[in-house]
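Please read the structure below before turning to the comments.
Just so it is clear, none of the values below were taken in a lab; they were calculated from the coordinates. Being a predicted model, the structure only gives us computed values, none of them experimental. Glycine also receives a Cβ, built like all others from the backbone with ideal geometry; neighbour counts cover every protein chain displayed.
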Amino acid sequence: MRLQHFHVAAVEWSRDDERTALLDLRHTVFIQEQGVPESRERDGLDDACWHVLARDDAGRPVGCGRLTPAHKIGRMAVLPPWRGQGVGKALLRELIARARSLGWPEVALDAQVGAIGFYEREGFQVCGEEFEDAGLAHRRMRMALSRLATGPRPVQHDTGALPVGSRIEAAAARLQLLRDTRHRLSIYLPALSRDSYASAEELDELRRIAVSGRGAGIRILLHDPAAALRGEHRLVGLAQRLSSTILVRMPVEEADLACISASLLNDVGGYLFLPEADRAQGRAARNDRAGQAPLQQHFDEVWERAERASALQTLDI
């Protein structure tokens, strides 16, 4: 079993199917296998956390983890058949990347004693005495993110991470990724707000991409195209003029319409991901194909299920 036989992606606690997948997996590992009381496992913090889920090629959940507002990594769980296959490492690195993108100086975790070596290999250091939690021995560990932590760490490719912690930073990341794009672009938006993809600089880049030559194309998934049309958004006008290369589709399945995240994915491995589209807090990178891959896979799957935006047919889109 190799790394490419699973993928890791951020998921939304507010989505029933994704919340169920997280809880079922944690129930198997923590409650059934380790005997953690359900009242202790369900601590009431989940709706404020950022969650990641690993799935196999068939879409079955195999591992999970979360990042809390208190700058702690937790609820790291991998199903027994998948342990030792790189799932835990991929989950942990995704959570660390999220913390870095938020500008946090460090992250911490409470490691079960048997897992200390795993976390040390990823750069964490023990910083507290042993204590008991839910009947299991733990040690507190931390990792400084402002500089390289001591201890052996894998050499990591420079992904060109971009800060995304405010609307100004999100707009700057969006424009940079548009400038980096060569010919193809994917955009996922629950709603098209008036301050997104509407500036002169953004529209110039979108126009450049759309007419960049053979194979050029911009795909847009939009939950409510009619609202964008009524609001006379400038991107709609651009799509009217370049209808052969700017394609708009509308998700129709209930699970897809429940998605509240937004993403921008270009053809050089760059991406911007906002777990909540109306909050300018997320992660972005200019050259991170590994981080982009699960987002692109999700986009492509929804695109195939989506329908042509009938509300825009008057514009021949």
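Using Cα springs under 10 Å in a Gaussian network model of the chain, which residue among 236, 87, 36 shows the largest mean-square fluctuation?
Among 236, 87, 36, the largest mean-square fluctuation in the Gaussian network model of the chain belongs to 36.
Rounded if a/c is under 1.5, else prolate if a/b is larger than b/c, else oblate: which is the range 160-222, with a ≥ b ≥ c the root eigenvalues of its Cα gyration tensor? Each step should come with its number before you reach the end.
Working: a/c = 1.80, a/b = 1.43, b/c = 1.26.
Prolate shape, in that a/c is at least 1.5 and a/b is the bigger ratio.
Between residue 310 and residue 106, what length comes free when the chain is fully extended (0.36 nm per residue of separation minus the Cα-Cα distance, one decimal in nm)?
Contour length minus the Cα-Cα distance gives 68.7 nm.
How long is the gain from residue 172 to residue 23 if the chain were fully straight, where each residue apart is worth 0.36 nm and the alpha carbon distance is subtracted? Before the final figure, lay out each step's value.
Numbers: separation 149, 0.36 × 149 = 53.64 nm, distance 3.61 nm.
Once the chain is fully extended between residue 172 and residue 23, it gains 50.0 nm.
Counting Lys and Arg as +1 and Asp and Glu as -1, what is the net charge of the other residues whose Cβ lies under 14 Å from the Cβ of residue 17?
-4
Mind running the shape call on the range 165-309? Use the C-alpha gyration tensor, a ≥ b ≥ c as the square roots of the eigenvalues: rounded below 1.5 for a/c, prolate if a/b tops b/c, oblate otherwise.
Rounded is the answer for the range 165-309, as its axis ratio a/c remains below 1.5.
Give the shape of the range 3-144 as rounded, prolate or oblate, defined through the alpha-carbon gyration tensor: a ≥ b ≥ c are the square roots of its eigenvalues, a/c under 1.5 means rounded, and otherwise the shape is prolate if a/b is larger than b/c and oblate if not.
Verdict is rounded for the range 3-144.
To the nearest 0.05, how large is the calculated FRET efficiency for residue 301 and residue 268 if R₀ is 22 Å and r is the Cβ-Cβ distance?
0.50
Determine, for each peptide in 42-49, 68-75, the mean count of other beta carbons within 10 angstrom over its residues, then list the peptides with the highest first.
Packing order, densest peptide first, comes out as 68-75, 42-49.
Taking the Cβ-Cβ separation of residue 5 and residue 200 as r and a Förster radius of 41 Å, what is the calculated FRET efficiency to the nearest 0.05?
The computed FRET efficiency comes out at 0.35.
Where is the GNM fluctuation largest for the chain (alpha-carbon springs, 10 angstrom cutoff): 21, 115, 306?
Most flexible of the set in this elastic network: 115.
Report the residues of the range 90-117 in range of a label on residue 180: point 7 Å along Cα→C-beta, backbone N strictly under 20 Å from it.
93-104
Full-extension gain between residue 214 and residue 227, please, as 0.36 nm times their residue separation minus the C-alpha to C-alpha distance. Intermediate values should be presented prior to the final figure.
Numbers: separation 13, 0.36 × 13 = 4.68 nm, distance 3.13 nm.
Using 0.36 nm per residue and subtracting the Cα-Cα distance, I get 1.5 nm.
Taking only Cα atoms and a 10 Å spring cutoff, compute GNM fluctuations for the chain and point out the largest among 260, 168, 209.
Taking springs between Cα atoms under 10 Å, the residue moving most is 168.
Find out how many positive minus negative residues lie around residue 72, taking Lys and Arg as positive, Asp and Glu as negative, among other residues whose Cβ is under 11 Å from that of residue 72.
With Lys, Arg at +1 and Asp, Glu at -1, the neighbours total +2.
Between residue 191 and residue 244, take the C-beta separation as r, use R0 = 30 Å, and let me know the FRET efficiency to the nearest 0.05. Before the final figure, lay out the partial values.
On the way: r = 25 Å, r/R0 = 0.84.
Here the calculated transfer efficiency is 0.75.
Sum -39500 (n - 2.57) across every DSSP H segment of at least 4 residues in the chain, then divide by the residue count to get the 222 nm mean residue ellipticity, nearest 500.
Numbers: 10 runs with 96 residues, N = 317.
The per-residue figure over the chain is -9000 deg cm²/dmol.
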